[in-house]
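**Student:** Input: one structure, supplied below.
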Amino acid sequence: MYIEYDNDTNRVIRMVSENHISSPPNAQDGRTVTDEPISVDSRRKIKQDAIDDAEYDPETEQAVAKLFYDTDTGEIYAEVEIREIEDEELE
């Protein structure tokens, strides 16, 4: 799996399976591409675990997990952003 992440925030921009391309993608300015072994199921689990651990009111708030890449350890982790659900979405 190729992981492209932002150099300033370490936020994962995209992930591309090696099965779908013949060579690593070219990183845009301010981004880095690395090759880390992680499956789609693992990514989903990382995000879901972060959401499950977040404290929020699911009736009025939405938890959105975003993936990040730890450049020191090579680990992928998730941070959760809590967003208020707009009034029209509640109806």
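The values are calculated or read from the model by the stated rules, or taken from the named source; none is laboratory data. For clarity, every value in this text was computed on a predicted model and none was experimentally measured. Glycine also receives a Cβ, built like all others from the backbone with ideal geometry; neighbour counts cover every protein chain displayed.
**Student:** I'm told TYR77 meets every condition in (1) surrounded by 11 or more Cβ atoms within 10 Å (Cβ to Cβ); (2) modelled with pLDDT under 90 except one. Can you identify the failing condition by its number?
**Tutor:** Of everything listed in (1) surrounded by 11 or more Cβ atoms within 10 Å (Cβ to Cβ); (2) modelled with pLDDT under 90, TYR77 misses just condition (2).
**Student:** Any residue in region 54-65 that is within 26 Å of ASN7 (Cβ to Cβ) and part of a strand (DSSP E or B)?
**Tutor:** Just the residues of region 54-65 that are within 26 Å of ASN7 (Cβ to Cβ), to begin with: 64-65.
Next, only the ones that are part of a strand (DSSP E or B) stay: 64-65.
The answer is yes, given that some residue of region 54-65 is within 26 Å of ASN7 (Cβ to Cβ) and part of a strand (DSSP E or B).
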